[in-house]
Amino acid sequence: MQHIEQIDLKRIPRHVAIIMDGNGRWAKQRGQERCFGHQAGAETVHIITEEAARLGVEYLTLYTFSTENWNRPSEEVAALMGLLFESIEEETFMKNNVRFRVIGDTDKLPANVKERLYACIEHTSRNTGMCLVLALSYSARWEITEATRQIAIKIQKGELQPEQIDSDLLSQHLTTNFMPDPDLLIRTGGELRLSNYLLWQCAYSELYFCDTYWPDFHAEELREAILSYQKRERRFGKTSEQIS
(Lines give C-alpha, C1' and ligand atoms only; values in the text may rest on other atoms or scores of the structure.)
Protein backbone atom coordinates (compact mmCIF):
# COMPACT_ATOMS: atom_id res chain seq x y z
CA MET A 1 0.00 0.00 0.00
CA GLN A 2 3.08 2.29 -0.08
CA HIS A 3 2.01 4.33 -3.14
CA ILE A 4 -1.66 4.84 -2.29
CA GLU A 5 -0.81 7.42 0.39
CA GLN A 6 1.27 9.46 -2.08
CA ILE A 7 -1.31 9.58 -4.88
CA ASP A 8 -3.30 12.78 -5.34
CA LEU A 9 -6.83 11.48 -5.88
CA LYS A 10 -7.78 14.85 -7.40
CA ARG A 11 -5.25 14.37 -10.24
CA ILE A 12 -6.05 10.84 -11.38
CA PRO A 13 -5.68 10.47 -15.19
CA ARG A 14 -9.12 10.43 -16.81
CA HIS A 15 -8.12 7.83 -19.39
CA VAL A 16 -5.53 5.09 -18.86
CA ALA A 17 -4.60 2.86 -21.80
CA ILE A 18 -2.60 -0.34 -21.24
CA ILE A 19 -0.64 -2.66 -23.52
CA MET A 20 -0.86 -5.91 -21.57
CA ASP A 21 2.39 -7.64 -22.53
CA GLY A 22 4.32 -10.59 -21.13
CA ASN A 23 1.76 -13.36 -20.64
CA GLY A 24 3.65 -15.86 -22.78
CA ARG A 25 7.07 -15.12 -21.27
CA TRP A 26 5.57 -15.28 -17.76
CA ALA A 27 4.25 -18.76 -18.52
CA LYS A 28 7.52 -19.88 -20.12
CA GLN A 29 9.45 -18.91 -16.97
CA ARG A 30 7.20 -21.34 -15.11
CA GLY A 31 7.57 -24.15 -17.63
CA GLN A 32 3.99 -23.75 -18.81
CA GLU A 33 2.26 -23.24 -22.15
CA ARG A 34 1.48 -19.69 -23.30
CA CYS A 35 -2.23 -20.21 -22.63
CA PHE A 36 -1.44 -20.60 -18.93
CA GLY A 37 -0.05 -17.06 -19.02
CA HIS A 38 -3.13 -15.74 -20.82
CA GLN A 39 -5.35 -17.25 -18.13
CA ALA A 40 -3.29 -15.56 -15.41
CA GLY A 41 -3.44 -12.31 -17.41
CA ALA A 42 -7.23 -12.48 -17.49
CA GLU A 43 -7.24 -12.51 -13.69
CA THR A 44 -5.05 -9.41 -13.71
CA VAL A 45 -7.60 -7.65 -15.93
CA HIS A 46 -10.22 -8.02 -13.18
CA ILE A 47 -7.79 -6.79 -10.50
CA ILE A 48 -6.74 -3.72 -12.50
CA THR A 49 -10.33 -2.94 -13.54
CA GLU A 50 -11.47 -2.89 -9.92
CA GLU A 51 -8.49 -0.82 -8.74
CA ALA A 52 -8.77 1.71 -11.59
CA ALA A 53 -12.47 2.15 -10.87
CA ARG A 54 -11.74 2.57 -7.16
CA LEU A 55 -9.11 5.25 -7.82
CA GLY A 56 -11.48 7.24 -10.05
CA VAL A 57 -10.15 6.51 -13.54
CA GLU A 58 -12.97 7.33 -15.99
CA TYR A 59 -11.81 5.24 -18.96
CA LEU A 60 -9.57 2.15 -18.98
CA THR A 61 -8.64 0.83 -22.44
CA LEU A 62 -6.89 -2.55 -22.67
CA TYR A 63 -5.06 -3.80 -25.78
CA THR A 64 -6.54 -7.29 -25.68
CA PHE A 65 -6.04 -8.66 -29.19
CA SER A 66 -4.45 -6.90 -32.18
CA THR A 67 -5.15 -7.48 -35.87
CA GLU A 68 -1.60 -8.86 -36.07
CA ASN A 69 -2.44 -11.44 -33.37
CA TRP A 70 -4.61 -13.29 -35.91
CA ASN A 71 -1.27 -14.49 -37.38
CA ARG A 72 -0.40 -16.44 -34.24
CA PRO A 73 -0.71 -20.26 -34.21
CA SER A 74 -4.35 -21.26 -34.70
CA GLU A 75 -4.39 -23.21 -31.43
CA GLU A 76 -3.36 -20.12 -29.46
CA VAL A 77 -5.89 -17.91 -31.26
CA ALA A 78 -8.67 -20.40 -30.54
CA ALA A 79 -7.63 -20.59 -26.87
CA LEU A 80 -7.58 -16.79 -26.62
CA MET A 81 -11.07 -16.52 -28.11
CA GLY A 82 -12.31 -19.16 -25.68
CA LEU A 83 -10.70 -17.36 -22.75
CA LEU A 84 -12.22 -14.07 -23.89
CA PHE A 85 -15.67 -15.67 -23.99
CA GLU A 86 -15.27 -17.10 -20.48
CA SER A 87 -13.71 -14.03 -18.85
CA ILE A 88 -16.41 -11.49 -19.70
CA GLU A 89 -17.97 -11.37 -16.25
CA GLU A 90 -21.02 -9.14 -16.24
CA GLU A 91 -21.36 -9.61 -12.48
CA THR A 92 -18.00 -7.94 -11.87
CA PHE A 93 -18.97 -4.99 -14.07
CA MET A 94 -22.34 -4.55 -12.41
CA LYS A 95 -20.84 -4.83 -8.92
CA ASN A 96 -18.33 -2.07 -9.73
CA ASN A 97 -20.79 0.08 -11.73
CA VAL A 98 -18.53 -0.34 -14.80
CA ARG A 99 -19.68 0.29 -18.38
CA PHE A 100 -18.25 -2.02 -21.03
CA ARG A 101 -17.27 -1.10 -24.60
CA VAL A 102 -15.25 -2.64 -27.44
CA ILE A 103 -13.19 -1.05 -30.22
CA GLY A 104 -11.72 -2.82 -33.25
CA ASP A 105 -12.68 -4.88 -36.30
CA THR A 106 -15.16 -7.06 -34.41
CA ASP A 107 -16.52 -8.59 -37.63
CA LYS A 108 -13.58 -11.01 -37.50
CA LEU A 109 -14.49 -12.34 -34.05
CA PRO A 110 -16.32 -15.68 -33.61
CA ALA A 111 -20.12 -15.34 -33.50
CA ASN A 112 -20.47 -16.58 -29.92
CA VAL A 113 -17.83 -14.10 -28.71
CA LYS A 114 -19.53 -11.20 -30.51
CA GLU A 115 -22.90 -12.15 -29.08
CA ARG A 116 -21.52 -12.20 -25.56
CA LEU A 117 -19.65 -8.91 -26.03
CA TYR A 118 -22.68 -7.06 -27.38
CA ALA A 119 -24.92 -8.45 -24.63
CA CYS A 120 -22.49 -7.19 -22.00
CA ILE A 121 -22.29 -3.78 -23.70
CA GLU A 122 -26.08 -3.53 -23.65
CA HIS A 123 -26.53 -4.73 -20.06
CA THR A 124 -23.88 -2.37 -18.63
CA SER A 125 -24.82 0.68 -20.73
CA ARG A 126 -26.75 2.30 -17.87
CA ASN A 127 -23.90 2.02 -15.39
CA THR A 128 -22.44 5.38 -14.43
CA GLY A 129 -18.94 4.48 -13.28
CA MET A 130 -15.72 3.79 -15.15
CA CYS A 131 -15.86 2.69 -18.78
CA LEU A 132 -13.78 -0.42 -19.52
CA VAL A 133 -12.84 -0.61 -23.20
CA LEU A 134 -11.33 -3.72 -24.80
CA ALA A 135 -9.35 -3.20 -28.01
CA LEU A 136 -10.16 -6.41 -29.90
CA SER A 137 -8.95 -7.22 -33.41
CA TYR A 138 -7.65 -3.67 -33.26
CA SER A 139 -4.84 -1.75 -34.92
CA ALA A 140 -4.33 2.00 -35.13
CA ARG A 141 -3.51 1.84 -38.84
CA TRP A 142 -6.72 -0.09 -39.51
CA GLU A 143 -8.69 2.46 -37.48
CA ILE A 144 -7.21 5.50 -39.26
CA THR A 145 -7.69 3.83 -42.64
CA GLU A 146 -11.36 3.14 -41.85
CA ALA A 147 -11.89 6.73 -40.68
CA THR A 148 -10.33 8.04 -43.89
CA ARG A 149 -12.58 5.77 -45.96
CA GLN A 150 -15.69 7.00 -44.14
CA ILE A 151 -14.72 10.63 -44.75
CA ALA A 152 -13.99 9.92 -48.43
CA ILE A 153 -17.45 8.35 -48.87
CA LYS A 154 -19.09 11.43 -47.33
CA ILE A 155 -17.15 13.71 -49.68
CA GLN A 156 -18.17 11.53 -52.62
CA LYS A 157 -21.82 11.87 -51.59
CA GLY A 158 -21.48 15.64 -51.21
CA GLU A 159 -22.03 15.49 -47.44
CA LEU A 160 -18.59 16.97 -46.72
CA GLN A 161 -16.15 19.32 -48.45
CA PRO A 162 -12.39 18.63 -48.41
CA GLU A 163 -11.72 21.96 -46.69
CA GLN A 164 -13.84 20.76 -43.74
CA ILE A 165 -11.33 18.04 -42.90
CA ASP A 166 -9.33 18.77 -39.76
CA SER A 167 -8.03 16.78 -36.79
CA ASP A 168 -11.34 17.07 -34.93
CA LEU A 169 -13.25 15.65 -37.89
CA LEU A 170 -10.90 12.69 -38.16
CA SER A 171 -11.17 12.06 -34.42
CA GLN A 172 -14.96 11.97 -34.74
CA HIS A 173 -14.65 9.09 -37.24
CA LEU A 174 -12.35 6.97 -35.06
CA THR A 175 -13.71 4.09 -32.97
CA THR A 176 -12.64 5.99 -29.84
CA ASN A 177 -14.86 9.01 -30.55
CA PHE A 178 -16.86 8.45 -27.35
CA MET A 179 -13.94 9.04 -24.97
CA PRO A 180 -11.02 11.43 -24.41
CA ASP A 181 -7.51 10.63 -25.58
CA PRO A 182 -5.40 8.65 -23.09
CA ASP A 183 -3.64 10.71 -20.45
CA LEU A 184 -1.41 7.78 -19.53
CA LEU A 185 -0.27 4.82 -21.63
CA ILE A 186 1.22 1.89 -19.72
CA ARG A 187 3.11 -0.98 -21.32
CA THR A 188 4.14 -3.99 -19.26
CA GLY A 189 6.63 -6.70 -20.16
CA GLY A 190 9.77 -4.65 -20.83
CA GLU A 191 9.19 -3.74 -24.49
CA LEU A 192 9.56 -0.07 -25.48
CA ARG A 193 7.16 0.41 -28.39
CA LEU A 194 3.50 1.23 -29.08
CA SER A 195 2.82 -1.76 -31.35
CA ASN A 196 0.18 -0.07 -33.52
CA TYR A 197 -1.95 0.93 -30.52
CA LEU A 198 -3.92 4.20 -30.37
CA LEU A 199 -1.27 6.01 -32.42
CA TRP A 200 -3.49 9.02 -33.22
CA GLN A 201 -4.92 9.27 -29.71
CA CYS A 202 -1.56 8.97 -27.90
CA ALA A 203 0.03 12.02 -29.55
CA TYR A 204 0.36 13.72 -26.14
CA SER A 205 -0.10 10.80 -23.75
CA GLU A 206 2.40 10.25 -20.97
CA LEU A 207 4.19 6.94 -21.58
CA TYR A 208 5.09 4.49 -18.81
CA PHE A 209 7.06 1.32 -19.50
CA CYS A 210 7.87 -1.34 -16.92
CA ASP A 211 9.56 -4.74 -16.93
CA THR A 212 6.77 -6.42 -14.95
CA TYR A 213 4.95 -9.09 -16.95
CA TRP A 214 1.21 -8.50 -17.15
CA PRO A 215 0.18 -11.40 -14.84
CA ASP A 216 2.28 -9.79 -12.09
CA PHE A 217 1.02 -6.23 -12.71
CA HIS A 218 -1.38 -5.75 -9.82
CA ALA A 219 -2.91 -2.84 -7.92
CA GLU A 220 0.37 -1.58 -6.45
CA GLU A 221 2.01 -1.48 -9.89
CA LEU A 222 -0.91 0.54 -11.26
CA ARG A 223 -0.57 3.00 -8.39
CA GLU A 224 3.17 3.32 -9.10
CA ALA A 225 2.42 4.16 -12.75
CA ILE A 226 -0.15 6.78 -11.74
CA LEU A 227 2.26 8.29 -9.22
CA SER A 228 4.88 8.57 -11.97
CA TYR A 229 2.28 10.31 -14.15
CA GLN A 230 1.45 12.79 -11.40
CA LYS A 231 5.11 13.80 -11.04
CA ARG A 232 5.29 14.90 -14.68
CA GLU A 233 4.52 18.29 -16.21
CA ARG A 234 2.19 18.09 -19.21
CA ARG A 235 2.86 21.08 -21.46
CA PHE A 236 1.19 20.14 -24.77
CA GLY A 237 3.73 22.19 -26.71
CA LYS A 238 3.63 25.18 -24.36
CA THR A 239 6.24 26.41 -21.90
CA SER A 240 6.17 25.76 -18.17
CA GLU A 241 5.40 29.42 -17.58
CA GLN A 242 2.37 29.29 -19.88
CA ILE A 243 0.73 26.33 -18.17
CA SER A 244 1.41 27.67 -14.67
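The values are calculated or read from the model by the stated rules, or taken from the named source; none is laboratory data. Being a predicted model, the structure only gives us computed values, none of them experimental. Note: ideal-geometry Cβ built from the backbone for every residue, glycine included; neighbour counts use all protein chains shown. Ligands, DNA and RNA are excluded from the accessible area calculation, which covers all protein heavy atoms including side chains. Shrake-Rupley method; radii C 1.70, N 1.55, O 1.52, S 1.80 Å.
Would you mind working out the accessible area per residue for the chain, using a 1.4 Å probe, and quoting it in Å²? Show your work: numbers first, answer last.
On the way: 12860 Å² over 244 residues.
Ligands and nucleic acids excluded, the figure is 53 Å² per residue.
State, as an integer percentage, the relative contact order of the chain based on alpha-carbon contacts under 8 Å between residues 6 or more apart. Please list the in-between numbers first.
Numbers: 372 pairs, mean separation 71.3, N = 244.
Reported relative contact order: 29 percent.
Quote the charge dipole size of the chain about the Cα centre in Debye, to the nearest 20; the model charges only the Cβ of Lys and Arg (+1) and of Asp and Glu (-1). Working shown, then result.
Working: 28 positive and 36 negative charges, 59 e Å.
Dipole about the Cα centre, nearest 20: 280 debye.
So what's the gap between the Cα centers of region 193-244 and region 1-42, to the nearest angstrom?
Between the Cα centres of region 193-244 and region 1-42 lies a distance of 14 Å.
Of 148, 124, 175, which is the most mobile in a GNM of the chain whose springs link Cα atoms less than 10 angstrom apart?
So, out of 148, 124, 175, the one fluctuating most is 148.
In vacuum, with every alpha carbon of region 57-144 counted as one equal point scatterer, what does the Debye formula give for log10 I(q)/I(0) at q = 0.21, 0.26 Å⁻¹? Two decimals, please.
-1.03, -1.37
Pairs of lysines 8 or more apart, or on different chains, with alpha carbons under 29 Å: count those in the chain, would you?
Details: 10/95; 10/231; 10/238; 28/108; 95/114; 108/154; 108/157; 114/154.
Qualifying lysine pairs in the chain: 8.
Students often get this wrong, so try it: which of (1) 106, 48, 39; (2) 58, 51, 36; (3) 77, 37, 34 is Cα extents along the principal axes in Å as calculated from the structure shown?
Among (1) 106, 48, 39; (2) 58, 51, 36; (3) 77, 37, 34, the one derived from this structure is (2).
Of the heavy-atom accessible surface of the chain (probe 1.4 angstrom), what whole percent is carbon and sulfur?
Numbers: 6050 of 12860 Å².
Carbon and sulfur atoms account for 47 percent of the accessible area of the chain.
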